[in-house]
Amino acid sequence: MSAATAVALKNVARRFVTPGGDVLSALENFDLTVAPGEFCAIVGPTGCGKSTTLGLVSGLAQPQGGTVTLFDAPVTGVDRRVGFVFQQDAVFPWRDVLGNVMAGPLFRGVPRAKAEAEARDWIARVGLTGFEQHHPHQLSGGMRKRVALAQTFINKPEVLLMDEPFSALDVQTRELMQEELLSLWTQSGAAVLFVTHDLDEAILLADRVAVLTTRPARVKSVHTIDLPRPRNIATLRYDERFVAIARRLSDDLRDEVLRARREATA
Amino acid sequence: MTDATAPLATEGRIESLAERQRRRWRMIIALRLIVFVLFVGGWELGVRAGWLDSFFFGQPSAIVDKLIDWIRNGTSIGPLWKQVWVTIYEAGAGFVIGSVLGVLCGITLGRNQLLSDVFSIYIKIANSIPRIVMGSIFIVALGLGSPSKIALAVVMVFFVVFGNAFQGVREADKNLIANARILGASDWQVTRAVILPSALSWILASLHVSFGFALIGAIVGEFLGAREGMGLLIASAQGSFDSNGVFAAMIVIAVVALCAEWILTTIEKRLLTWRPEVSAAGE
Ligand SMILES: Nc1ncnc2c1ncn2[C@@H]1O[C@H](COP(=O)(O)OP(=O)(O)O)[C@@H](O)[C@H]1O
Ligand SMILES: [Mg+2]
């Protein structure tokens, strides 16, 4: 990995035409870089443009201005090196767990026997052995997320995009999934762009946290989280260093929300 | 309640629940039989007592006699099985061709915005033409044989299946499509792995309705002009003011339709095993 950045957005603009015919600016002058192997979290007010940002990096959408690059090369479409864990359930409901996990390799032309062997390995790694023949509706929300993780990691992504992946889970399950994610990420060495509206989650997981402004979104500030790794999700949130960072970030985010409200009512 | 007695108590309750359901089911069957006997018996009695004119309304016993006569000695236009077979063949061929065309066109237009923008107006126009009228055109163009009936059945089936397939494609979850593309699927793989399975329940639902439509198409086509088939049998019974013959033909057609319905339901259950228990519809 000789590239200086895994992901770089420079001066990016993304605008939508609303059904009424107006132009809605989701991102303007957006700058952000993620180094190879780095875990970067994005937090910001709801509807500010976090999902839109991930869409641009994934190649599913194109910007109206500026450049988006992966390993210093412009994004022109969906890239094989990118993995994406969606907010909503995006596992295929008509395929069983095995079929879901081996979907990526099969799409990419890996022979069936090899894809199946790899899939079984990943199913074991996310702790779903014995559930190979279950369909998604027979699994709990947390197990479905594990399927989504295995489905994504089996493609060995070098850039992993995650859009509030654990927001629908209960607190205990979320904590387990966060630990699981950290261990998978450590083994994979992928750069991660992790969107969340949960500040604690951002601090617990990330090397850096980018705080976005309200729409049109820009990066307001970037905070380096210098908590040592490996991190223990369950105990870290009571660490005083964590508390100090959380306070700093929370003030930052609250400023942004208050400023937006003042502007809206002014 | 102690731990030891708890499972026993629940088991007993489950058993009584199952027993109650069985009892309810027996009662429903009994009620259905009663409704049937009242209806058919009332009809028969009404005719015998002279309240209903058997010339117009037929008579259940005479309808049964007619059916037996047809099975033993054949109908006025040839053996019964031949007429049934011709109609099944025409409806079946029209059903298969119409559904395949409907699914292909529905998915193609559903996946391609330009094509759908261009063709949607023509499909609306074609759909607004009363389809039975096209039967006359087909008979003029294709003659008295099977092709004209098959064509009418195709037209009857096509629009229903097309509409559902198109809608099914449009309703496909955008997240699943995005996920498939990220995982590495090409356009064709997205169609096969996401679009088709999600449109499948829509398509299967339309197939249920459309076999009935295919049957109507075939029978109306035969009615308008044919050398054989159930529609012609009805037309010739009508021509000789034989209302029992019309009813007997109706029963035969109903049996065919119910068999087709049963086959389609079986196929549907096979194909949609992945879905959470669909409320087991009492049948
Ligand atoms: N396809 C679209 N068409 C029009 N507006 C959109 C579209 N996608 C997103 N938006 C708008 O862009 C803004 C940012 O959306 P999003 O990135 O989803 O926010 P979030 O930060 O909550 O993920 C929102 O106001 C949303 O309404
Ligand atoms: Mg979002």
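Quick one: what pairs do we get from the stretch A:38-49, first residue more than 14 Å from chain B (Cβ to nearest Cβ) and in contact (Cβ under 8 Å) with a residue 24 or more places away in the chain, second outside any loop (DSSP other than H, G, I, E, B) and within 6 Å of ligand 1 (Cβ to nearest atom), C-beta under 6 Å, 6+ apart or different chains?
Hits for this filter: A:I42/A:K50; A:G44/A:K50; A:G49/A:A26.
I'd like the full set of residues that are more than 14 Å from every other protein chain (Cβ to nearest Cβ) and either within 15 Å of ligand 1 (Cβ to nearest atom) or at pLDDT below 95 (or both), limited to the stretch A:191-200.
Across the stretch A:191-200, the qualifying residues are A:F194, A:V195, A:T196, A:H197, A:D198, A:L199, A:D200.
Let's see how each residue does on (1) over 30 Å from B:N112 (Cβ atoms); (2) crowded, with 21+ Cβ neighbours inside 10 Å:
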site	(1), (2)
B:V169	no, yes
B:L176	no, yes
B:I182	no, yes
B:L204	no, no
B:L232	yes, yes
B:F241	yes, no
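Out of the stretch A:80-95, which residues are at the interface with chain B (Cβ under 9 Å from one of its Cβ atoms) and either under 21 Å from B:P276 (Cβ atoms) or part of a loop (DSSP other than H, G, I, E, B) (or both)?
A:R80, A:F86, A:Q87, A:Q88, A:D89, A:A90, A:V91, A:F92, A:P93, A:W94, A:R95 - these are the residues of the stretch A:80-95 that are at the interface with chain B (Cβ under 9 Å from one of its Cβ atoms) and either under 21 Å from B:P276 (Cβ atoms) or part of a loop (DSSP other than H, G, I, E, B) (or both).
One residue is enough: does the stretch A:62-85 have a residue meeting the conditions within 16 Å of ligand 1 (Cβ to nearest atom), of a type outside the set (V, I, T), surrounded by fewer than 24 Cβ atoms within 10 Å (Cβ to Cβ) and under 16 Å from the mean Cα position of the chain (by Cα)?
no
Suppose the filter is in a loop (DSSP other than H, G, I, E, B), in the same structural domain as A:V43 (by TED's automatic domain parsing) and modelled with pLDDT of 90 or more; does A:D226 pass it?
It is true that A:D226 is in a loop (DSSP other than H, G, I, E, B), in the same structural domain as A:V43 (by TED's automatic domain parsing) and modelled with pLDDT of 90 or more.
What residue, of A:T213, A:T186, A:T224, is touching a residue at least 60 places away in the same chain (Cβ under 8 Å) and either within 13 Å of ligand 1 (Cβ to nearest atom) or surrounded by fewer than 22 Cβ atoms within 10 Å (Cβ to Cβ) (or both)?
After applying the criteria, what remains is A:T213.
Which condition breaks for A:T53 when tested against (1) modelled with pLDDT under 95; (2) within 9 Å of ligand 1 (Cβ to nearest atom)?
Unmet for A:T53, out of (1) modelled with pLDDT under 95; (2) within 9 Å of ligand 1 (Cβ to nearest atom): (1).
Just to confirm my filter: which helices (runs of 4 or more DSSP H) fall fully inside the stretch B:184-266 and include at least 1 residues that are farther than 30 Å from A:R81 by Cα?
Output list reads B:196-224, B:230-239.
For the stretch B:190-202, name all the residues that are within 7 Å of another protein chain (Cβ to nearest Cβ) and surrounded by fewer than 18 Cβ atoms within 10 Å (Cβ to Cβ).
Correct list: empty.
Would you confirm whether or not the stretch B:249-260 contains a residue that is modelled with pLDDT under 95, assigned by TED's automatic domain parsing to the domain that holds B:V209 and closer than 26 Å to B:V194 by Cβ?
Looking through the stretch B:249-260, none of the residues is modelled with pLDDT under 95, assigned by TED's automatic domain parsing to the domain that holds B:V209 and closer than 26 Å to B:V194 by Cβ.
Considering only the stretch A:152-175, state which residues are away from every other protein chain (no Cβ under 14 Å) and surrounded by fewer than 18 Cβ atoms within 10 Å (Cβ to Cβ).
A:S167, A:D170, A:V171, A:Q172, A:T173, A:E175, listed by residue number.
Can you give me the number of residues within the stretch A:98-126 that are in contact (Cβ under 8 Å) with a residue 40 or more places away in the chain and away from chain B (no Cβ under 14 Å)?
Of the residues in the stretch A:98-126, 2 are in contact (Cβ under 8 Å) with a residue 40 or more places away in the chain and away from chain B (no Cβ under 14 Å).
So which residues in the stretch A:33-75 are in contact with a Gly (Cβ under 7 Å, 6 or more places away or on another chain), away from ligand 2 (no atom under 14 Å from the Cβ) and more than 30 Å from A:P228 (Cβ to Cβ)?
Answer for the stretch A:33-75, where residues must be in contact with a Gly (Cβ under 7 Å, 6 or more places away or on another chain), away from ligand 2 (no atom under 14 Å from the Cβ) and more than 30 Å from A:P228 (Cβ to Cβ): A:G59, A:V75.
Checking the conditions here, which among A:D22, A:D72 is away from every other protein chain (no Cβ under 14 Å), free of Cβ contacts under 8 Å to residues at least 60 places away in the same chain and among the acidic types (D, E)?
Residue meeting the stated conditions: A:D22.
The values are calculated or read from the model by the stated rules, or taken from the named source; none is laboratory data. These numbers come from a predicted model, not from an experiment. Cβ coordinates were reconstructed from backbone atoms using ideal geometry, including for glycine residues, and neighbour counts include every protein chain displayed.
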